Each structure stands twice: as C-alpha cells, then as structure tokens.
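Trainee: Here you go, one structure.
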Amino acid sequence: MNTFKNSHKLNPEYKLNKLSEETVHKNPFKQFDDWFTQVLKIKLKEPTAMVLATVDKKARPSARVVLMKDFSSEGITFYTNYNSRKGEELKKNPSAALLFYWAALERQLRIEGKIKKISRQESEKYFNSRQFGSRIAAWISEQSETIPNREYLEKRFTELGKKYSSGKIPLPPNWGGYRLIPNYFEFWQGRENRMNDRICYKKQKGRWKIFRLAP
C-alpha cells in the first residue's frame, strides 16, 4: 500500500475569481442562480451533483451525493426512497446540509436548512418524466437494505419491466421528493495563498444578513 505524503504539492493556487459582500446579490437565491448559470455554461459532468448530509437520532452524521432536480425561491429539491437511510434520518431530524463543489470554477457552496416532503402530485409529475428504466428501478430498489447479490436486482428488474411493459408505471408509495428550505448560504471562492473568500447569508427575522467569514 502506498503512503500518501506531501499532499501540498497537489494543491493548486486559486486565481480565477474573487467574491465581495459589496458585489454579491442581496438575495442568496439570485446569487446561486448566477453561479449555477456559469456552471451550466462550462458543461460540467453532473453539474447538479451535491452532497447531502444528515444525522441520525444519536447525532451521528452521514453524507452522500444526490442530484438537485429543482431550484427556486422555495428551496432545493431532490428525490429518493423515503425508507432509505437518509429518509429515516430526515424523519427523526428534518435538518440537513447541502454542499456543491465546482472545482473547475474554484467554488463551493454550502446550504443549510429544514427539510420538507413535497406534494404527492409534484413527485408524480417528476416520476412520470423519468426514463422507463429509472422508474422500474425506483420500484425494485429497497434502498439501503441488504440484498443477496446483483442477480437479485436484475431478476426483479426484468420481472417488473415485463409487468409494466405498457410504460404506465405508478409512483411507488415510498418514493418522492424532499425540499430543503434554506436558512443559511455560504459562497466560497478560492483565492491565492488560501486567502479564500467566504460570503455568507443568514436568515434573521425574515431578512437575509450578509457577512464574511475568515478563510
């Protein structure tokens, strides 16, 4: 096994941009929209990928990558199996954190807030827009549960694919969307000498307070 040493030699200098509390939007949703528009322009693979962090009833954290499927002034939406580990943890503690990391732009974005399930109708609309195979997979995957092997999944996929060969697949009762309603944003822009910009928004009494954190 190789021993990893001198990791500082792999760290680049950040020189692409800067961020100031005087020039950012007063509304963090507009600032996010600006940044995300730039992400789409450079055509990154999986631009909507974000780390979702949750905690269990004993305050033990867990994190995984999910895909943002909608973003508006209401919040950030993603979809999953409600009986998964993240789903079970969100039942007990509906607070969560999101992290976007866009290395090509030397940027990351942290968002924290409360989680709520979206309506069944909204989940159905999104579910019906998915490809046939993805809808079948939502039915067969007992997400986060132990299964015997890969063949078990593939057999169930084939069986259910035949059952719903017409293409009309109902929304699974344990599958749908969550929306994170932000109360905190942190926009991080890499700068030279690790003097990074960190501009934050925190909601206080219905208004967004903007402030800077030390790198």
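The values are calculated or read from the model by the stated rules, or taken from the named source; none is laboratory data. Owing to the predicted nature of the structure, the values given are computational and were not obtained by experimental measurement. Here the Cβ is made from the backbone with ideal geometry for all residues, glycine too, and neighbour counts use every protein chain on show. The area values use the complete protein model at the heavy-atom level, side chains included, leaving out ligands, DNA and RNA. Shrake-Rupley method; radii C 1.70, N 1.55, O 1.52, S 1.80 Å.
Trainee: Go through region 2-94 and tell me which strands (runs of 3 or more DSSP E), entirely inside it, have 1 or more residues that are open to solvent by 70 Å² or more (accessible area, probe 1.4 Å). Give the steps one after another, and end with the answer.
Mentor: Numbers: elements: 49-55, 61-67, 70-72, 75-81.
Qualifying strands (runs of 3 or more DSSP E): 61-67.
Trainee: Is it fair to say residue 150 is open to solvent by 90 Å² or more (accessible area, probe 1.4 Å), closer than 24 Å to residue 67 by Cα and of a type in the set (Lys, Arg)?
Mentor: yes
Trainee: Being out of contact with any Ser or Thr (no Cβ under 6 Å at 6 or more places or on another chain), modelled with pLDDT of 95 or more and within 30 Å of residue 106 (Cα to Cα), is that true of even one residue in region 155-177?
Mentor: Taking every residue of region 155-177 in turn, none turns out to be out of contact with any Ser or Thr (no Cβ under 6 Å at 6 or more places or on another chain), modelled with pLDDT of 95 or more and within 30 Å of residue 106 (Cα to Cα).
Trainee: Then there's this: Return the pair list, or none, for Cβ contacts closer than 9 Å from residues in region 171-184 that are touching a residue at least 60 places away in the same chain (Cβ under 8 Å) and farther than 19 Å from residue 70 by Cβ to residues that are assigned to a strand (DSSP E or B) and of a type in the set (Val, Ile, Thr), at least 6 apart or on different chains.
Mentor: So the pair list comes out as 184/111.
Trainee: Regarding region 104-117, can at least one residue be identified that is under 17 Å from residue 176 (Cβ atoms), open to solvent by less than 60 Å² (accessible area, probe 1.4 Å) and in contact with a Phe, Trp or Tyr (Cβ under 9 Å, 6 or more places away or on another chain)?
Mentor: Yes, region 104-117 contains at least one residue that is under 17 Å from residue 176 (Cβ atoms), open to solvent by less than 60 Å² (accessible area, probe 1.4 Å) and in contact with a Phe, Trp or Tyr (Cβ under 9 Å, 6 or more places away or on another chain).
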